[in-house]
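The values are calculated or read from the model by the stated rules, or taken from the named source; none is laboratory data. All values derive from a computational prediction rather than experimental measurement. As a convention, Cβ positions derive from the backbone with ideal geometry for all residues, glycine included, and neighbour counts pool all protein chains shown.
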Amino acid sequence: MEEASKRALVIGGGIAGIQASLDLADMGIHVDLIEKKPCIGGKMAQLDKTFPTNDCSICILAPKLSECYRNLNITLYSYSEVQKVEGIVGNFSVEILKHARYVKEDLCINCGLCVEKCPMRVEDEFDRQLRKRRAIYMYYLQGVPAIMTIDKKNCLWFTKEACRICEKNCEKEAIDFNQKDELIKINNIGSIIVATGYNLIEDIDNDILKNYGYQKYRNVVTALEFERMLSASGPQEGHIKRISDGEEPKKIAYLQCIGSRTDRGAKYCSSICCMYTTKEAMIAHEHDNELESYIFYIDMRAGGKGFQSFLRRGEAEYDIKYIKSKIAEISIDKNESPIIVYEDLDTSEIKKLKVDIVVLATCIIPPEGIVKLAEVIGFELDDYNFIKTPPFSPVKTSRDGIFTCGCVHEPMDIPRSVAEGSSAAARAAEIIRGG
Ligand SMILES: Cc1cc2nc3c(=O)[nH]c(=O)nc-3n(C[C@H](O)[C@H](O)[C@H](O)COP(=O)(O)OP(=O)(O)OC[C@H]3O[C@@H](n4cnc5c(N)ncnc54)[C@H](O)[C@@H]3O)c2cc1C
């Protein structure tokens with residue numbers, strides 16, 4: 001009897017994992033794509049526009065999301081995590097824990113009635129706590145799969161044995177409070193790709209950000225929060241407003257290298273911030289062409305094709321002022337407008353600038369849970385806990401048959417994450433097709 005064809009396992013449904021899955025599926029290889037959040041998309045889904053073209057992020061991503069969902073060669077396990085990996089290259093077995101959504105995936109049609117009726121309002125993780133969502137929710141508007149999830153720790157039924165309003169209002173009878181987490185075993189996996197992306201320094205350590213007034217002053221926000229503020233589907237519906245008073249800003253300052261290239265935070269360069277800061281300043285300027293933008297930087301690291309001219313365009317067409325500087329202190333005036341005290345490194349003078357909003361370009365760090373995943377799968381991490389890869393085989397891990405792509409092994413932008421997704425797919429296919 002002919003042996004069943006080998007499959008590929010991709011862990012992480014951000015742009016890198018999505019690209020790897022689509023390429024493998026196109027080669028006729030079956031892919032099991034595991035995503036721990038309720039929907040795939042990763043950080044790219046949270047961005048408003050993307051450099052270097054400043055195209056709408058979700059417009060590029062959405063067709064790939066639905067292709068992942070519809071492709072018959074891809075089985076998507078969302079809200080799931082890998083628990084155990086056994087076997088050797090060419091023949092791994094994997095155990096997956098699929099968390100209960102308390103919503104039947106085959107019945108929910110994402111009509112939104114349950115969300116409308118749910119009385120609980122909780123912080124929205126996708127919108128970086130800038131607005132509230134309900135205890136039953138869609139992870140984000142364009143999310144795939146388009147299925148609701150009940151957040152057990154905030155649902156009144158699970159916390160107080162009261163409510164069940166969503167169940168009463170669901171015409172499809174899709175709510176199932178008795179649903180249990182499920183253990184799923186997948187055999188016959190030829191190769192595994194780890195694409196679990198990144199977190200940001202504020203996700204684990206706010207102490208460094210506190211030095212810049214974050215969470216002390218309402219008009220100091222992080223760059224990812226600012227992406228959500230810029231986004232038409234975000235908490236401010238695409239109209240940039242100060243958090244403190246809802247006023248439109250006239251001056252915005254962007255501070256680079258927050259938590260990176262420092263002994264107090266991460267010692268490495270976060271690599272993408274020089275570019276996305278200029279992008280955010282450009283997009284904000286497109287919202288209001290009288291807006292003044294100031295970028296405070298240590299040095300500019302824009303090493304990609306066309307990147308330097310992107311910065312020059314920022315200066316020439318968007319009137320962005322680049323200030324080579326060291327930030328000394330941030331305080332606020334009586335209107336909660338941040339005042340930046342800095343050393344101008346061109347003149348060695350100490351200067352002050354009052355703005356309406358400060359945006360902190362915070363450092364990329366390895367994703368939550370990577371140490372455990374490294375133990376489960378058996379690959380090595382580097383000194384910072386990114387996946388260790390050799391210099392001339394950037395998608396290869398220390399374990400045979402296990403590849404990686406995207407920010408989980410070092411900070412990188414979307415074009416490179418996509419290129420690495422394709423590269424990891426090709427390496428996995430070599431094993432699966434090569435036998
Ligand atoms: C503020 C900001 C602005 C940016 N702007 C741009 C831009 O304009 N242009 C550009 O090119 N780049 C930009 N980037 C960089 C871009 O976000 C990354 O290049 C890209 O998201 C990397 O994709 P990824 O798939 O490696 O990681 P992610 O997007 O982080 O995706 C990883 C996925 O893996 C999932 N996951 C994590 N752990 C597990 C696990 N244990 N099991 C299963 N799934 C797991 C996550 O939930 C997530 O869905 C920006 C970044 C920031 C912070």
Practice item. Please name all residue pairs, on different chains or six or more residues apart, with Cβ atoms under 9 Å, provided the first residue is in the stretch 192-215 and is on the phi > 0 side of the Ramachandran plot and the second residue is more than 14 Å from the ligand (Cβ to nearest atom) and assigned to a loop (DSSP other than H, G, I, E, B). Key: G213/N219; Q215/N206
Exercise for review: Look through the stretch 193-220, keep the residues that are in contact with a helix residue (DSSP H, G or I) (Cβ under 7 Å, 6 or more places away or on another chain) and aliphatic (A, V, I, L, M), and return whichever of them is farthest from the ligand (Cβ to nearest atom).
Suggested key: I208
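Considering only strands (runs of 3 or more DSSP E) fully contained in the stretch 48-163, which possess at least 1 residues that are touching a residue at least 60 places away in the same chain (Cβ under 8 Å), within 16 Å of the ligand (Cβ to nearest atom) and touching a strand residue (DSSP E or B) at 6+ places or on another chain (Cβ under 9 Å)?
Numbers: elements: 74-77, 80-88, 91-98, 121-123, 132-134.
Qualifying strands (runs of 3 or more DSSP E): 74-77, 80-88, 91-98.
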Exercise for review: Could you pull out the residue among A16, A20 that is modelled with pLDDT of 95 or more, in a helix (DSSP H, G or I), within 12 Å of the ligand (Cβ to nearest atom) and in contact with an Asp or Glu (Cβ under 7 Å, 6 or more places away or on another chain)?
Suggested key: A16
Check your understanding: Of all the residues that make up the stretch 51-68, how many are closer than 22 Å to S233 by Cα, over 13 Å from the mean Cα position of the chain (by Cα) and surrounded by 21 or more Cβ atoms within 10 Å (Cβ to Cβ)?
Key -> 2
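This table checks each residue for (1) closer than 30 Å to M229 by Cα; (2) away from the ligand (no atom under 16 Å from the Cβ); (3) more than 18 Å from the chain's Cα centre (by Cα).
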site	(1), (2), (3)
K351	yes, yes, yes
K354	yes, yes, yes
L381	no, no, yes
I387	no, no, no
P394	no, no, yes
P415	yes, no, no
A425	no, no, yes
E430	no, yes, yes
Check your understanding: Within the bounds of the stretch 293-308, is there any residue that is under 24 Å from the mean Cα position of the chain (by Cα) and in a helix (DSSP H, G or I)?
Key -> yes
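Kindly check whether there is at least one residue in the stretch 178-192 that is crowded, with 20+ Cβ neighbours inside 10 Å, within 16 Å of the ligand (Cβ to nearest atom), of a type in the set (A, V, I, L, M) and not assigned by TED's automatic domain parsing to the domain that holds K354. Walk me through how you get there before you give the answer.
Going residue by residue through the stretch 178-192, those that are crowded, with 20+ Cβ neighbours inside 10 Å are 189-192.
Next, only the ones that are within 16 Å of the ligand (Cβ to nearest atom) stay: 189, 192.
Within this subset, residues satisfying the condition of being of a type in the set (A, V, I, L, M) are 189, 192.
Pick out the ones that are also not assigned by TED's automatic domain parsing to the domain that holds K354 and you get 189, 192.
Within the stretch 178-192, one or more residues are crowded, with 20+ Cβ neighbours inside 10 Å, within 16 Å of the ligand (Cβ to nearest atom), of a type in the set (A, V, I, L, M) and not assigned by TED's automatic domain parsing to the domain that holds K354.
Could you say which residue among G238, G234 is farther than 30 Å from K6 by Cβ, in a loop (DSSP other than H, G, I, E, B), away from the ligand (no atom under 11 Å from the Cβ) and modelled with pLDDT of 95 or more? Explain how you work it out, then say what you get.
Numbers: G238 fails: modelled with pLDDT of 95 or more.
Only one candidate passes the filter, namely G234.
Pick from the stretch 310-331 the residues that are in a helix (DSSP H, G or I) and within 16 Å of the ligand (Cβ to nearest atom): which of them is nearest to T53 (Cα to Cα)? Before the answer, list the steps.
The first filter runs over the stretch 310-331 and keeps only residues in a helix (DSSP H, G or I), leaving 310-318.
After this cut, where a residue has to be within 16 Å of the ligand (Cβ to nearest atom) as well, the list is 310-311, 313-314, 318.
Numbers: F310: 9, L311: 12, R313: 12, G314: 13, Y318: 15 Å.
Out of the qualifying residues, it is F310.
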Check your understanding: For the stretch 335-405, which fully contained strands (runs of 3 or more DSSP E) count at least 2 residues that are within 30 Å of Y294 (Cα to Cα)?
Key -> 338-344, 349-354, 357-362
Check your understanding: For the stretch 272-292, what are the residues that are more than 24 Å from the chain's Cα centre (by Cα) and assigned to a loop (DSSP other than H, G, I, E, B)?
Key -> D288, N289, E290, L291
Study note, to complete from the structure: Picking from D383, D319, the residue that is in the same structural domain as K241 (by TED's automatic domain parsing) and charged (D, E, K, R) would be D319
